[in-house]
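Please treat every number below as a calculation from the coordinates, not as lab data. These figures come from a predicted structure and were not determined experimentally. Using ideal geometry, Cβ is built from the backbone for each residue, glycine included, and neighbour counts are taken over all protein chains shown.
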Amino acid sequence: MKTSLRSRWMRLSILIIIGSFIMFSAFLIYATSLYLKDLQYRALDRSAVELKAMYETTAFNTIDEREIYSNLYDNQKFVLYTNSGEEVYRWPSRGMSFNIPREQIIHPDIYSLDFEDMSYLVQTVKIDSEYWNGYIAVVHPMNEYYTILQMIIIIATIIGFMSISITLVISYFMAGQMVRPIYRFTRQLQYVENNGFSERLDLKTNLEEIDYMVLSFNKMMDTLEESFNQQKQFVEDASHELRTPLQIVQGHLNLINRWGKNDKAVLEESLQISIDEMGRITKLIEELLELTKNENEKTNIIDPINLNEEIISRVNAMKQLHPAYTFTLDLDQAIFYPISQYQFEQILVIFLDNAVKYDYINKSIHIKSKLMSNKIKIEISDKGVGIPEEDVNKVFDRFYRVDKSRSRELGGNGLGLSIAKKIIESNEGNVYLESKINEGTTIHIEFPLK
Ligand code: ADP
């Protein structure tokens, strides 16, 4: 069931205050009642002891009414009995209209007695002396005790109602104070929702949690905006890249349409160019798909493969494709790493292709592998054109090419290095390059040892 934060907070605080108040008052009333009862017993006992002493030491008929009266407290009453339990005298003579049962008289003790809606405590005592043989009873009314107790309960109830009402009002306002920043937060969220990515929350409260929430939200929006912009840029770049070959194909189809039907030479040339450009488009689309593939689809457990074997087989294939090039190898002992064979081959093809493409003068490519104490290192070096210093950090970016027309001539889309980097990083590896213009380039690939 959904409730508002405010009503939940109020319910909770009322519950707490009622619970703690009931516990506190119950304890207070119980303790006070024990104490008051004890006072009543003591007053009764004191009177009984004193009257007993008086009847034991003084002749019955010489005792004055005033002496009896002075030994009684708090409206207590007194009765004198014979040995057989017959009443002889009572003080005051009126005002006590009940009789104490004989059973209780001849068995001296303290008894409770209820009569006409009133409670009494009765203490009977045996007197056995030369002056008197019999019993006395002191009757102690409990009305004072019950009145005080009743008053305490009434006061506790009044205080209870008052504190609950005050808590209700305070918690209503407090809850309002607490949820206000959340309302403001929600309103701002709606604003951001309507105004798009670039809006940020501007909400300063004096509540740590809310400030932290706002900060986290703004950070999340920064990340989202950045990734949104990257995606947008990517789509723009990709469309731009696709436009050139498509325009070329369109141009040549128009050419064929206009002249090619009669001019065989135009037809041949335009068809060939269109086929080449279509090949380029296909390659570009394949590369785009490769880049946008979800790298989170991690295959469960990959068996380690022998990297050196893969390098040798790739280099042999390259040698056949490019017989004019020299490939030299400097491979360490067998190196195993868990990576899909297809992916490792893809990386090698990208770097070897680049080395071949950009080392068209010396045509000398060197591949080295090394097993180090904590990592595996693979280096692919060429003695080619190199990369200007300011571009070294950019060539791994999507679509980045140092010399756009040269790269296009060589069939590149500027996606190779970013694909390779993505594959290496998704396999927990790391890649960087060193390059000097007109001297050559070295690609460094590192995988952690597992
Ligand atoms: P491309 O398809 O254009 O080769 P890449 O992403 O593979 O795209 O490379 C990006 C750019 O980095 C290239 O355009 C080129 O300028 C530069 N580059 C890559 N490898 C080399 C290399 N071995 N020697 C010189 N420049 C290189």
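Numbers at a glance
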| item | result |
| --- | --- |
| Neighbour cut-off at most 14 other Cβ (10 Å), DSSP loop, trypsin sites (Lys or Arg not before Pro), segment 261-324 | K261, K293, K298 |
| At most 14 other Cβ within 10 Å, DSSP loop - trypsin sites (Lys or Arg not before Pro), segment 348-437 | K394 |
| Built amide H within the under 5 Å cut-off of Y89, gap 5+ | L80 |
| For segment 94-107, Karplus couplings with θ = phi - 60° (6.51, -1.76, 1.60), whole Hz, Gly/Pro x | 10, x, 10, 9, 10, 10, 7, x, 4, 3, 6, 5, 7, 10 |
| Within segment 7-49, backbone nitrogen closer than 17 Å to the virtual label 7 Å beyond the Cα of V169 toward Cβ | 14 |
| Highest average packing first - 131-141, 91-101, Cβ atoms within 10 Å | 131-141, 91-101 |
| Which of A175, A324, I155, positive extreme of dipole for the chain (C-beta unit charges) | A324 |
| Ranked I281, I419, criterion: other C-beta atoms within 10 Å, fewest first | I281, I419 |
| HN-Hα J in Hz across segment 158-165 - Karplus 6.51, -1.76, 1.60, θ = phi - 60°, x for Gly and Pro | 5, 4, x, 4, 5, 5, 5, 5 |
| Selection of trypsin sites (Lys or Arg not before Pro), segment 1-88, meeting DSSP coil and at most 10 other Cβ within 10 Å | K2 |
| Within the chain, longest stretch clear of exposed GluC sites (Glu not before Pro) (DSSP loop, no more than 14 other Cβ within 10 Å) | 131-294 |
| Residues whose placed amide H lies under 5 Å from that of N71, excluding near-sequence neighbours | none |
| Centre separation in Å (Cα based) which lies between segment 349-402 and segment 121-154 | 112 Å |
| Karplus-derived HN-Hα couplings along segment 363-371 (A = 6.51, B = -1.76, C = 1.60, θ = phi - 60°), whole Hz, x at Gly and Pro | 6, 10, 10, 10, 10, 10, 10, 9, 9 |
| Amide H partners (placed H, <5 Å) of L331, local residues excluded | S369 |
